[in-house]
Amino acid sequence: MQLSILIPVYNVAAYLPDLLQDLLSELPLNAEIIFYDDASPDNSIAIVEEFMLLYPRVQIRILRGNENIGLTKAREQLLLASNAKYIWFVDSDDKVNSAVLAEVLLILSRDQPDVLVFDYDVFYDGSNQLKHHETLSFYPKNNLVHTSGKEIYRTAILDGRHYFWNKIFRRELIIGIVSYDIPAYEDIAYTPVLLSKCQSFYYLAQVVVHYRIRKDSIAQKLSLQQAYGLNAYIQQALYADKVVGDKKSQAYLLYKACIYYYRLISKINKVEMSQVDRKKYKELLMKFYTEKPISGWKIILLLCKVRMYGKAVKLMYKGFTSKRFYIRYK
C-alpha cells in the first residue's frame, strides 16, 4: 500500500459526506483510508459504512474506540494501524480536491520524498465563502529537493503553517518520534519535530485541502484546550534550541508564544465562562508561560540578534500594553 489516509472521527456527521464524496470517487487503488471512531455519539460511522457500500473497490478500515481519547491520541492509533509507505492525516470536517489525488500518488511513487507538502485554501462553514488561499514558503515548487532536516524544519517554522493535514510523511521516519500526549494543538507541538527527521521534500504548489472554519472548533472557541497552544509553542522553542540548534526558529517560536499568550489573556474576561473555569484557564496559561526558557526582554534581544527587528518592536509594544492584564490576574 502506497498511502494510508488517516481520519479521526468524532461528531462530524454533518461534514463527512462532503469529504467522503471527494475522497472515494477518485481514490487510486494503491491508497487506503483508515478511520478511527473516537466513541462518536452521532451517526458518523454509519455514514462511513454507507459510503463503503457505494464504493466497494476502495480499501477502507474502521478502528473503533471504546471511549473518547481525543484527537491527538486518535491520530496516534491511526498511525500505528498503518503499514503503508506514506501516511496523510486528514481532518474529518475538511474537503479534499479529488482531482489532484492521482498526481499526489504519482509524486510519491516517482520521486519518493520524505515529505510532500502542498497548498490549501480556507473557507467558512455554512456560507462556503472562501476566506483566503495559502501558499507555502518552500522552494522550488513542483520539484524534489534534497536538503537537511534543519532547513526543512526552519522553513516550516518561519512559514507558520506547520499543520499535519497539508503534509504527507514517509511513515517509517515518524514512527515513535513523538509521544502524542498533548491534549490539543498537536500540530504545533509535533509536526515540526517530524519535519526535522526528513531529508527531502516535494512542494506541490496546488490546493489539495479545503480547510473549514467552524465556530465550535478548538481553534475558534475559547476554552481550556486553547492554553495548550501556548504549551506547544514553548515546547517547540525548546526543541529548536536543544535539538535542532536553530536560534532563528527558537526566537520566532518564543515570539509566537508571547503574542499568543497576550492575545488569550486579553480575551479571558470578555467571554462567557464560569468563574471556576476562568480561574483554571488563567492558572494553566500562567503555568505554561512561566515555563518559557528566557524572559520577555531576553526574547526581544534574541529577536534582534537574529535580525527580526519588526517582531522585537511588536513584542515590546504588546508587553507594555498587556501590563494591565498581569495586574488584573495578580
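For every residue, the table says whether it meets (1) surrounded by fewer than 19 Cβ atoms within 10 Å (Cβ to Cβ); (2) touching a residue at least 12 places away in the same chain (Cβ under 8 Å); (3) not basic (Lys, Arg).
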site	(1), (2), (3)
Ser4	no, yes, yes
Leu24	yes, yes, yes
Ile34	no, yes, yes
Pro56	yes, no, yes
Gly65	yes, yes, yes
Asn68	yes, yes, yes
Tyr86	no, yes, yes
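Does Ser217 count as more than 24 Å from Ala102 (Cα to Cα), within 14 Å of the chain's Cα centre (by Cα) and modelled with pLDDT under 95?
yes
Scanning the stretch 1-20 for residues that are in contact with an Asp or Glu (Cβ under 7 Å, 6 or more places away or on another chain) and not β-branched (Val, Ile, Thr) yields a total of 8. Checking each residue in the stretch 73-88 for being over 24 Å from Leu106 (Cα atoms) and not acidic (Asp, Glu) picks out Lys73, Ala74, Arg75, Gln77, Leu80. Tallying residues that are among the small types (Gly, Ala, Ser), open to solvent by less than 10 Å² (accessible area, probe 1.4 Å) and touching a Lys or Arg at 6+ places or on another chain (Cβ under 8 Å) within the stretch 149-206 yields 1. Evaluation of Glu283 against the conditions (1) assigned to a loop (DSSP other than H, G, I, E, B); (2) acidic (Asp, Glu); (3) free of Cβ contacts under 8 Å to residues at least 12 places away in the same chain shows that the sole unmet condition is (1). Within the stretch 106-120, the set of residues being of a type in the set (D, E, K, R) and touching a Phe, Trp or Tyr at 6+ places or on another chain (Cβ under 8 Å) comprises Asp111, Asp114.
Yes or no, residue by residue, for (1) on the phi > 0 side of the Ramachandran plot; (2) within 19 Å of the chain's Cα centre (by Cα); (3) exposed (fewer than 13 other Cβ atoms within 10 Å of the Cβ); (4) assigned to a helix (DSSP H, G or I):
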{"position": "Ala232", "(1), (2), (3), (4)": "no, yes, no, yes"}
{"position": "Lys242", "(1), (2), (3), (4)": "no, no, yes, yes"}
{"position": "Leu254", "(1), (2), (3), (4)": "no, yes, no, yes"}
{"position": "Tyr262", "(1), (2), (3), (4)": "no, no, no, yes"}
{"position": "Ile265", "(1), (2), (3), (4)": "no, no, no, yes"}
{"position": "Met273", "(1), (2), (3), (4)": "no, no, no, no"}
{"position": "Lys279", "(1), (2), (3), (4)": "no, no, yes, yes"}
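In the set Tyr139, Tyr86, Tyr124, only one residue is more than 17 Å from the chain's Cα centre (by Cα), closer than 21 Å to Glu186 by Cβ and not small (Gly, Ala, Ser); that residue is Tyr86. Within the stretch 283-293, being surrounded by 14 or more Cβ atoms within 10 Å (Cβ to Cβ) and not charged (D, E, K, R) holds for Leu284, Leu285, Met286, Phe288, Tyr289.
Taking the criterion of being outside any helix (DSSP H, G or I), open to solvent by less than 10 Å² (accessible area, probe 1.4 Å) and in contact with a Phe, Trp or Tyr (Cβ under 8 Å, 6 or more places away or on another chain), would at least one residue in the stretch 208-228 satisfy it?
yes
The values are calculated or read from the model by the stated rules, or taken from the named source; none is laboratory data. Given the structure is predicted, the values throughout are model-derived calculations rather than measurements. So basically every Cβ, Gly included, is an ideal-geometry build from the backbone, and we count neighbours across all protein chains shown. Side chains included, ligands, DNA and RNA excluded: accessible areas come from the protein's heavy atoms. Shrake-Rupley method; radii C 1.70, N 1.55, O 1.52, S 1.80 Å.
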